[in-house]
Amino acid sequence: MEYKLGSAERGRTLMEGVVVSSPRRIDLWSVFVDLELKSGHVEGARQLLERAITLKLKGRQAKFLFKKLLELEKTHGDAQSVADVKRKAREWVEANTD
């Protein structure tokens, strides 16, 4: 709400507090990323996703975040950034496979 009707910076601060207090709630990270993208802050959305993929995640959570990051890079990035996301996803799978 704050993003739409108030200050985007205040909205960012509020959402930052939410994801810090509930870091495993991937849905909240997703909402935050979407708000950043809607307000035109692609780099902010990219940084959020980069932070989120470093959390201790379950496989389906990681898959969701990597897909979201890949779509962001396909839309706003270049071939190198897409390749980087794919490489990070492979590394995550290798590191988290039993």
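The values are calculated or read from the model by the stated rules, or taken from the named source; none is laboratory data. As the structure is a computational prediction, the values presented were derived from the model and not from experiment. No Cβ is skipped: glycine too gets one built from the backbone with ideal geometry, and neighbour counts run over all protein chains shown. Keep in mind that these areas ignore ligands, DNA and RNA; they rest on the heavy atoms of the full protein, side chains included. Shrake-Rupley method; radii C 1.70, N 1.55, O 1.52, S 1.80 Å.
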Completion exercise
Within the set 52, 62, 79, GNM on the chain using Cα springs under 10 Å gives the largest fluctuation to 79
Problem - 0 to 90° range, to nearest 10: angle between helix 79-96 axis and the chain longest Cα axis - result: 70
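Nearest 500 deg cm²/dmol is fine: what mean residue ellipticity at 222 nm does the chain get from its DSSP H runs of n ≥ 4 alone, each adding -39,500 (n - 2.57), divided by its residue count? Please list the in-between numbers first.
Values: 6 runs with 78 residues, N = 98.
Counting only the DSSP helices, I get -25000 deg cm²/dmol.
Which order do 76, 41 take when ranked by solvent-accessible area (1.4 Å probe, heavy atoms of all protein chains), largest first?
Numbers: 76 95, 41 75 Å².
So, going from the largest accessible area down, we get 76, 41.
What dipole magnitude, in Debye to the nearest 20, does the chain give about its Cα centre under +1 on Lys/Arg Cβ and -1 on Asp/Glu Cβ? Please report the intermediate quantities before stating the final value.
Details: 19 positive and 15 negative charges, 69 e Å.
Its charge dipole is roughly 340 debye.
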Problem - Solvent accessible area, Å² - residue 7, 1.4 Å probe, full protein context - result: 50
Fill in the blank from the handout: On the formula 1/(1 + (r/R0)^6), with r taken between the Cβ atoms of residue 95 and residue 31 and R0 of 22 Å, the FRET efficiency rounded to 0.05 is 0.20
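I want to check a number: in the chain, how many lysine pairs have alpha carbons closer than 14 Å, given a sequence separation of 8 or more or different chains? Mind dumping the intermediate values first?
Numbers: 4/38; 63/86; 63/88; 67/86; 67/88; 68/86; 68/88; 74/86.
Count of close lysine pairs: 8.
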Handout entry: Percent of C-alpha pairs per 10 Å bin, the chain, short to long
Key = 15, 47, 30, 7, 1
Problem - Karplus (6.51, -1.76, 1.60) ³J(HN,Hα), θ = phi - 60°, over the range 63-74, in Hz, Gly and Pro reported as x - result: 4, 4, 5, 5, 5, 5, 5, 4, 4, 4, 5, 5
Handout entry: Between 0 and 90°, nearest 10: helix 26-38 axis offset from the chain longest Cα axis
Key = 60
